[in-house]
Structure formats: C-alpha cells, structure tokens
1. Please verify whether B:Leu114 is more than 15 Å from the chain's Cα centre (by Cα), buried (at least 22 other Cβ atoms within 10 Å of the Cβ) and part of a helix (DSSP H, G or I), treating the condition exactly as stated.
2. Among the candidates B:Ala37, B:Ala56, single out the residue that is within 30 Å of B:Val204 (Cα to Cα) and surrounded by 16 or more Cβ atoms within 10 Å (Cβ to Cβ).
3. Quick one: in region B:124-141, which of the residues that are outside any loop (DSSP other than H, G, I, E, B) and within 8 Å of chain A (Cβ to nearest Cβ) is nearest to B:Glu29 (Cα to Cα)?
4. Regarding A:Leu173, is this residue among the hydrophobic types (A, V, I, L, M, F, W, C) and crowded, with 19+ Cβ neighbours inside 10 Å?
5. Tally up the residues in region A:80-111 that are facing another protein chain (nearest Cβ under 9 Å), surrounded by 24 or more Cβ atoms within 10 Å (Cβ to Cβ) and either within 17 Å of A:Leu21 (Cα to Cα) or at pLDDT below 95 (or both), please.
6. Looking at region B:163-176, is at least one residue part of a helix (DSSP H, G or I) and either touching an Asp or Glu at 6+ places or on another chain (Cβ under 8 Å) or of a type in the set (Val, Ile, Thr) (or both)?
7. Tally the residues that are under 14 Å from the mean Cα position of the chain (by Cα), among the small types (Gly, Ala, Ser) and within 16 Å of B:Ser145 (Cα to Cα), restricting the search to region B:189-228.
8. Could you check, for region B:120-141, whether at least one of its residues is in contact (Cβ under 8 Å) with a residue 24 or more places away in the chain, of a type in the set (D, E, K, R) and over 25 Å from B:Leu42 (Cβ atoms)?
Number of protein chains: 2
Amino acid sequence: MHPVSLESFTKKYKALLEERLRDAVGSLETPENLAKAMLYSLEAGGKRIRPLLVFAVIDAFGKDPIHGLEAAAAIEMVHTYSLIHDDLPSMDDDDLRRGKPTNHKVFGEATAILAGDALLTLSFNMIAEMPEESASDKVKMSLVSRLSTAAGAAGMVGGQVADMEGEHRELTLEQLEYIHIHKTGKLLEYSIIAGAEIAGATAVQKEILVRFAYHLGLAFQIRDDILDLEGTEEMIGKPVGSDTANEKSTYPALLGLDGAKQALQDHLSSAKNALASTGLQVDILTKITDLIGLRNH
Amino acid sequence: MHPVSLESFTKKYKALLEERLRDAVGSLETPENLAKAMLYSLEAGGKRIRPLLVFAVIDAFGKDPIHGLEAAAAIEMVHTYSLIHDDLPSMDDDDLRRGKPTNHKVFGEATAILAGDALLTLSFNMIAEMPEESASDKVKMSLVSRLSTAAGAAGMVGGQVADMEGEHRELTLEQLEYIHIHKTGKLLEYSIIAGAEIAGATAVQKEILVRFAYHLGLAFQIRDDILDLEGTEEMIGKPVGSDTANEKSTYPALLGLDGAKQALQDHLSSAKNALASTGLQVDILTKITDLIGLRNH
C-alpha cells in the first residue's frame with residue numbers, strides 16, 4: 001500500500017468519513033430541523049485533521065484505516081459540537097465559522113445548543129456501532145472512557161472554562177499551555193491514541209504517541225495564533241487579528257512573532273522525532289505533521 | 001431482604017448515589033468554578049426518580065442494587081444536564097428550579113452551558129467505571145449505546161426540539177405524546193432497562209419492562225401537568241400555571257382536568273399490571289409507581 005500520497009489518502013478517507021457522518025445523522029428518527037442543524041455544522045468543511053489522524057495512525061501500524069471509521073466520525077462530532085457551543089453569543093459570540101454563518105446565526109440559539117448536545121451524545125453511539133472486527137467490547141469501552149475524559153471537564157470543556165477565565169488577563173506561558181493542552185490538545189491526543197488502540201498498539205508505542213500528540217497539539221495552536229496575525233480573512237474564515245481584539249493571550253503576544261515561529265519549529269521537530277522513534281510506517285503521519293505546521297487555514 | 005419499606009430503600013440508595021455523584025465530580029482535575037457549577041445542579045435536590053428506578057429494578061431481580069450505582073449516577077448526570085440546558089435564556093428562560101436560582105442565574109450562561117456539556121460527557125465515563133463484577137464490557141457497551149440513543153437526537157434532545165416547535169400551537173394528543181415519550185419517557189425507559197440489563201434480564205422480561213416504562217413515563221408527565229394547575233408554588237418550586245402562561249399544550253388542556261386524571265389512573269393501572277406480569281419481586285417498583293402518580297412535586 002505504501003508509499004501513498006497524502007493527497008490521495010486524505011481524499012479517500014475524507015470522502016468515507018463525510019459519507020459516514022451523513023448516514024449517522026440521516027438515519028436518526030428526529031425532528032427535521034435538528035438533523036439539519038447537526039448536518040449544517042458537520043458539513044461546514046473543515047480540515048478533518050482529527051479523523052485523518054485516526055486513519056493515519058492505524059495506517060502506520062500497517063492495518064486497514066477503515067477500522068477507524070466510526071471512531072473518526074465520533075471525534076469529528078465532538079469537535080463540531082465544541083465549535084457550535086464555543087461560537088454561541090454567551091461564549092465567543094462569533095457570527096462566522098469557516099467563512100459561513102455560525103450555527104446559531106442560521107438555526108437560532110436554542111437549536112444550536114441542542115444540535116451540539118445531540119452531536120456530543122451521538123459520538124458515543126458511533127463507538128458503540130463499531131463492527132466487531134474493528135474493535136472488541138473491551139477496546140470500545142476503552143475508547144468511550146478515553147473520549148469522555150478527553151472531551152469533558154478534565155479535558156476540552158475544562159480548557160474552554162480556563163480560556164474564558166483567562167480572557168482580558170495577561171497569562172503566563174504555563175497558563176496558556178494549560179488552556180491549549182486541554183482545549184485542543186486532549187482531543188488531538190485522543191484521536192491518535194484511539195487509532196493506536198484500534199490498531200493494537202503496545203503500551204510503549206502509546207507512550208511515544210502521547211508525546212507526539214503533545215508536540216503536535218502545541219504546534220497546531222501556535223500556528224493558529226500566528227495565522228490570526230499573518231493570515232487573510234479569506235484564508236482563516238474570520239476577521240484577522242480577532243485574538244488581539246478580544247484581548248486573548250497568544251504565543252506571539254508572549255514570545256514575540258519570531259519567538260512563536262521558533263517554538264512552532266521546535267514542537268514540529270520534537271513531534272517528528274517522536275514519530276521516527278516508533279519504528280512504524282509514519283510517512284502519512286509525518287506529512288500531516290508538516291501540514292499542521294504550515295497550514296494556511 | 002424483602003419486604004423493605006420504600007422509605008428506607010430510598011434513603012439508603014439516595015445517600016449512596018449522592019456520595020457517588022460528589023466523588024465523581026470531586027475527583028476531576030478541572031477549573032474549580034466548573035466543578036462548582038456541576039455540583040450545584042447535581043445537589044439541587046430532586047426526587048432521584050431515575051436512579052431509584054435503576055436500583056429498584058435490580059432489586060426486583062433479587063440482585064444487589066449496588067451494582068447499578070454508576071449507571072444510576074450516569075442517568076442523574078444526564079437528567080441534570082438536560083435541566084440546566086432547558087432552563088437557559090434561549091430555551092425556557094427559567095430563573096427558578098426546585099425553588100433555587102437556576103444554574104445560569106448563579107454561574108452565568110457560558111458556564112451553565114459548559115457545566116451541562118461536562119455532565120453529559122461525564123455520564124459516559126461513569127458507565128466505563130462500572131466494576132467488572134457489576135457489568136461485563138458487553139453489558140457496558142449496551143448501556144452506552146442505549147444511553148446515547150435515549151438521551152440524543154432520537155430521544156430526549158429530539159423531544160426537546162419537538163417541544164419548542166410545539167409552543168404557542170395547539171397540539172393533538174398524538175403530538176403531545178410524541179413530545180413526552182421522547183423528552184422524558186426515553187430516559188425513564190433507559191433507567192428501567194439499564195437496571196434490567198445489569199440484573200441479567202431475559203428479552204421477554206425487558207419487553208414487559210419497556211411496556212411498564214411507557215405507562216410510567218406518561219403517568220409521570222400527566223401528573224406534572226396536573227400539578228402545574230393544582231399545586232402550590234411551594235410544592236412545585238416554580239410559579240403555578242406557568243404552562244398556561246407559556247401557552248404549552250398539556251393533558252388537562254386537551255382532555256379536561258377530569259379526563260387527565262382518568263388518563264393518569266389508566267396509565268398507573270397499566271404500569272402496575274405490567275409489573276405484576278413479570279413474576280419478579282416488584283414491591284418497591286410498585287410503590288415507586290404509586291409515588292409518581294401521587295407526588296406533590
């Protein structure tokens with residue numbers, strides 16, 4: 001199967017993922033408007049980085065990435081729910097997401113909240129629906145446990161609360177990393193470890209992949225902060241400089257723009273070093289790492 | 001162990017449940033304010049009907065109800081999250097719940113939304129944490145699947161959307177039942193079936209218990225509607241007649257007050273008949289059924 005280009009890998013698994021997402025929502029017996037609101041945000045584009053990480057990790061173990069389809073869909077649902085809720089008027093109050101009106105702008109606030117709730121809830125159903133040949137009940141329960149930890153109060157939701165509490169205040173680098181490790185890092189880590197569990201990774205392999213995930217997550221966030229300063233509205237789908245306008249602490253604000261760019265390079269190198277030390281077929285994972293470091297949106 | 005009074009059964013398992021809820025939130029590494037918001041609503045009192053149903057069903061099979069502790073805690077978390085989100089300004093906009101200020105009144109809207117999100121997420125962790133002697137991985141996965149179905153777009157969340165869409169409109173009895181079966185019935189049914197699965201019920205027993213749950217759920221809702229008319233603010237913890245004020249369709253509005261009372265009695269009888277036909281030790285379950293039919297709050 002190797003070598004395969006990142007482009008053809010991405011194209012293939014994005015298409016499978018998006019079909020699975022549509023099927024999962026389409027097969028629900030639910031009020032039409034709720035299903036529409038769920039699909040609106042699921043289909044709003046996005047890089048599908050988290051699902052691609054699931055597929056690429058399984059691929060690195062020489063297994064068929066298709067075994068990660070439901071787990072990948074579950075993660076994209078959790079990620080999408082978190083965006084819908086983050087954009088709400090009482091949170092970041094964003095009107096645009098990926099260049100399109102945010103969910104509550106189209107469906108109203110109540111339906112947006114409920115669409116988020118429904119996507120979060122459905123994500124656990126996706127794991128339950130994994131075929132037996134993709135995961136045993138034992139692996140599925142481990143995925144449920146890890147997903148709820150990564151997404152919940154000790155993970156993503158906790159990071160969002162810390163982020164809100166940190167607004168309009170100058171944070172230390174330590175506090176800023178706490179926020180990012182929780183708000184975005186834990187779900188990225190989960191994507192990687194979910195792939196590893198499905199592929200039957202050893203404890204040592206999982207340990208190395210957690211280290212990879214740590215550096216990848218911070219690189220991802222630093223790139224985000226840099227893009228907010230250097231991108232164009234067309235590239236990032238929202239106004240440029242909104243972090244500064246919202247008085248958000250960022251890496252460039254704490255380290256200077258050059259310092260942030262150096263930190264990005266350091267984390268990318270550490271991530272790729274971790275990957276290389278696994279002894280797996282990491283070509284796709286390495287390309288995704290570079291993509292995250294260099295992405296324009 | 002039998003006969004035991006409903007009072008002593010309730011007292012014992014409520015205390016164990018509330019301790020488990022406090023422990024589950026207390027052991028999270030999370031921003032203090034988020035943990036406080038989660039606990040505020042978890043500890044706001046409430047009848048704990050759903051957890052008690054889990055315990056009582058296991059008891060009916062002659063098994064130790066303690067095996068249902070985590071499943072019961074999970075259900076109470078889901079129920080509590082749904083109340084927090086329902087009370088939000090963009091939904092029912094309620095200032096009081098059980099006579100206390102609602103979550104967003106105390107913690108603000110953003111934290112209330114996130115506390116709800118965190119409780120929903122944590123509920124799946126609770127199932128993952130069930131000890132092996134209480135549930136195999138196979139039973140746990142079935143509980144995850146059933147909980148996400150009961151709570152999600154095809155269950156509770158779907159019912160909430162249908163409820164919102166039905167406001168300020170006259171509904172048929174069929175539409176009203178659709179709302180209640182989804183908004184409250186599915187989670188009550190889940191409580192009962194979760195207990196049955198933990199106790200090792202047969203398919204036939206589960207079928208009868210689903211019928212019991214159907215009638216119990218509708219009895220629960222009709223009693224709620226009657227209380228909104230006949231209760232006092234002190235009894236129900238919110239203003240009397242708020243359904244009429246909010247132009248909500250209710251059983252008394254559709255059937256007349258006497259007709260609603262008759263329907264309540266019919267559903268209670270059918271529920272108890274179903275119970276009797278299980279051949280199980282249903283004394284506690286029967287008492288809970290009566291309690292639901294006669295409750296004052």
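The values are calculated or read from the model by the stated rules, or taken from the named source; none is laboratory data. All values derive from a computational prediction rather than experimental measurement. Reconstructed Cβ throughout: ideal geometry from the backbone, glycine too, with neighbour counts over all protein chains shown.
1. Working: more than 15 Å from the chain's Cα centre (by Cα): yes; buried (at least 22 other Cβ atoms within 10 Å of the Cβ): yes; part of a helix (DSSP H, G or I): yes.
So B:Leu114 passes the test.
2. On the way: B:Ala37 fails: within 30 Å of B:Val204 (Cα to Cα).
Within the list B:Ala37, B:Ala56, the selection yields B:Ala56.
3. Applying the first criterion (outside any loop (DSSP other than H, G, I, E, B)) to region B:124-141 yields B:124-128, B:137-141.
Add one more test, that the residue is within 8 Å of chain A (Cβ to nearest Cβ), and what stays is B:124-125, B:127-128, B:137-138, B:140-141.
Numbers: B:Phe124: 17, B:Asn125: 14, B:Ile127: 19, B:Ala128: 18, B:Asp137: 26, B:Lys138: 29, B:Lys140: 24, B:Met141: 26 Å.
Checked region B:124-141; the qualifying residue nearest to B:Glu29 (Cα to Cα) is B:Asn125.
4. Numbers: among the hydrophobic types (A, V, I, L, M, F, W, C): yes; crowded, with 19+ Cβ neighbours inside 10 Å: no.
Criteria not met by A:Leu173.
5. 1
6. From region B:163-176, those part of a helix (DSSP H, G or I) are B:163-166, B:173-176; that's our starting set.
When the remaining residues are screened for being either touching an Asp or Glu at 6+ places or on another chain (Cβ under 8 Å) or of a type in the set (Val, Ile, Thr) (or both), the result is none.
There is no residue in region B:163-176 that is part of a helix (DSSP H, G or I) and either touching an Asp or Glu at 6+ places or on another chain (Cβ under 8 Å) or of a type in the set (Val, Ile, Thr) (or both).
7. Number satisfying all stated conditions: 3.
8. yes
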